[in-house]
1. What distance in nm lies between label points placed 7 Å from Cα along the C-beta direction at residue 100 and residue 43?
2. Once both labels are modelled 7 Å past Cα along the beta-carbon direction, what's the residue 66-residue 80 spacing in nm?
3. Multiply the residue separation of residue 107 and residue 56 by 0.36 nm, subtract the distance between their alpha-carbon atoms, and state the gained length in nm to one decimal.
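Every number in this text was worked out from the coordinates using simple rules, so none of it is lab data. Not measured: the values here are computed from a predicted model. Methodologically, a virtual Cβ is constructed for each residue, glycine included, from the backbone with ideal geometry; neighbour enumeration extends over all protein chains shown.
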């Protein structure tokens, strides 16, 4: 008796291949069970820019990046610009002696009341 999971996997692959043919995607990507939509690519691009994708996600992202071409590069360019802009907008934190003393005073008070 065939494994039901193999049957479902085969059906999904067939459906994805047919959908890919209708969308005109290249045959090299039709072997994946799941393909990334452009909206998913945009969401992944934000995570890619900050380094939050794992190895498998990076591979899938790279395939989608090739597939979406210049449109994908434009999204990445925008994400990188936003990331850099955000990083530059942050103030550097320098601790002053007065701040340290105030925090230490607050800690001592809490310890005395505990």
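1. So the two model labels end up 4.6 nm from each other.
2. 2.0
3. Numbers: separation 51, 0.36 × 51 = 18.36 nm, distance 4.54 nm.
Separation in residues times 0.36 nm, less the Cα-Cα distance, equals 13.8 nm.
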